[in-house]
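Reading through the structure tokens given below for one structure.
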Amino acid sequence: MLDYLLSVATLVTIYSIVSLALNVRWGWAGLFDFFVYALVAIGAYVYGVVTLPPAPSNQYGDQYILGLHLPFVAGVAIAMVVTSVISLIVGAVALRQLRQLYFGIMTFSSVLIIAVIIMAAPWLFNGIIGLYGVEAPLSQLGLDPTTYALLFLGICLLALTLVYLLLERLFWSPFGLCLRSIRDDEVAAAGFGRNPYSERLKAYVIGGAIAGLAGALLITYLTTWGPGAWSPIETILIFTAIILGGTGNNRGVIIGTVVVFGLIGEGSRYLPILPGFPDAYAALRIIAIAILTIVVLRWRPQGLLPEPHMRDGVRRARRFRWFGKEA
């Protein structure tokens, strides 16, 4: 039972990082973005190919491109850099020409294109088979499974804490205030000398780097990754978590992720088995999440924790003064 709870806690922690990445793009910048989970997948792939051993040493002939066999920290850093660069390229093109719904359609289409390319090109990331056998960090210590699970959960919680503190600082910084003003009224913000394109592009790159971090942690935990591990439905669930917790609120986003991926996602496994429908819990989980989303949008659109405003957050901003100049 303890191992199961550690597994759920680890996955919820990683998905909380993904939710924070999307919250920067959607909650702060107002970008209806479906590309974030593709960046999680890319971060996972990149981490895999730079930390796995060279492909020729594999008796099955699997193709991992690089096979640099780098350590954990280096793999995470490279994954974040790559997803940041991809975000910069995609954002530089899409943000200049597209807005709102059209931007969402473009990012959704990009996810489908990337998935098809990866599945059709075995030389890229081993195609539809994917990557497997990714070495767990600190595995050389010879820890028992439960101790290692606790240690890895601690690593994920540390990553989540650092991301949260950084985003809290950015939220109350002039950049965060500017970004939310552009989201609320782009024309008025531009009239005060702000550049909506450049500010949103910064948010897009920041979200991409955080998504790459989550992808690296996810493949490290799962030790395998392939096209079947990611799909557009994952992004929908992340959107649901943000809506439930409170769009724009970092703490609310984490709470929403715990509810969607922890309480509902895992709690549905304990529903009674319906005769003739052994896998009904998967469908019931999606139905429950959809109903919850409708209820929240109808009766509490601001979410469990509404987005805080500057007049309510002066004292909280001072808590993060050590991160730099006070907002």
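The values are calculated or read from the model by the stated rules, or taken from the named source; none is laboratory data. The structure displayed is predicted, hence computed values, not measured ones. Quick reminder, even Gly has a Cβ in these numbers, built from the backbone with ideal geometry, and neighbours come from all protein chains shown.
All of (1) surrounded by fewer than 19 Cβ atoms within 10 Å (Cβ to Cβ); (2) more than 18 Å from the chain's Cα centre (by Cα); (3) in a helix (DSSP H, G or I) hold for I129 with one exception: (3). Let me confirm something: among I210, I255, I233, which residue is surrounded by fewer than 24 Cβ atoms within 10 Å (Cβ to Cβ), within 16 Å of the chain's Cα centre (by Cα) and closer than 23 Å to W172 by Cβ? One residue alone meets the criteria, I255.
Contact annotation: residue pairs with Cβ atoms under 7 Å, 6 or more positions apart or on different chains, pairing a residue in region 93-109 that is over 14 Å from G30 (Cβ atoms) and among the basic types (K, R) with a partner that is assigned to a helix (DSSP H, G or I) and at pLDDT 85 or above, are R96/Y197. Out of I219, I210, I155, which single residue is in contact with a strand residue (DSSP E or B) (Cβ under 8 Å, 6 or more places away or on another chain) and not polar (S, T, N, Q)? It is I219.
For beta carbons closer than 8 Å, sequence separation of 6+ or different chains, a first residue in region 1-17 that is under 22 Å from L244 (Cβ atoms) and a second that is surrounded by 17 or more Cβ atoms within 10 Å (Cβ to Cβ) and of a type in the set (S, T, Y), the qualifying pairs are T10/Y221; L11/Y221; V12/T257; I14/Y221; Y15/T257; S16/T257.
Residue count for region 164-208 satisfying the condition of being closer than 23 Å to V90 by Cα, without any contact (Cβ under 8 Å) to a residue 12 or more places away in the chain and outside any helix (DSSP H, G or I): 1.
Considering every residue within region 113-128, establish whether at least one is over 16 Å from G228 (Cβ atoms), touching a Leu at 6+ places or on another chain (Cβ under 9 Å) and in contact (Cβ under 8 Å) with a residue 60 or more places away in the chain. Among the residues of region 113-128, not one is over 16 Å from G228 (Cβ atoms), touching a Leu at 6+ places or on another chain (Cβ under 9 Å) and in contact (Cβ under 8 Å) with a residue 60 or more places away in the chain, which makes the answer no.
Working only within region 234-251, note down all residues that are of a type outside the set (V, I, T) and part of a helix (DSSP H, G or I). So that I can check it myself, show each step before the final result.
First, the residues of region 234-251 that are of a type outside the set (V, I, T): 234, 237, 239, 241, 244-246, 248-251.
Those that are of a type outside the set (V, I, T) and part of a helix (DSSP H, G or I): E234, L237, F239, A241, L244, G245, N250, R251.
Among the residues of region 91-114, those that are among the aliphatic types (A, V, I, L, M), under 12 Å from A38 (Cα atoms) and buried (at least 17 other Cβ atoms within 10 Å of the Cβ) comprise V111, I114.
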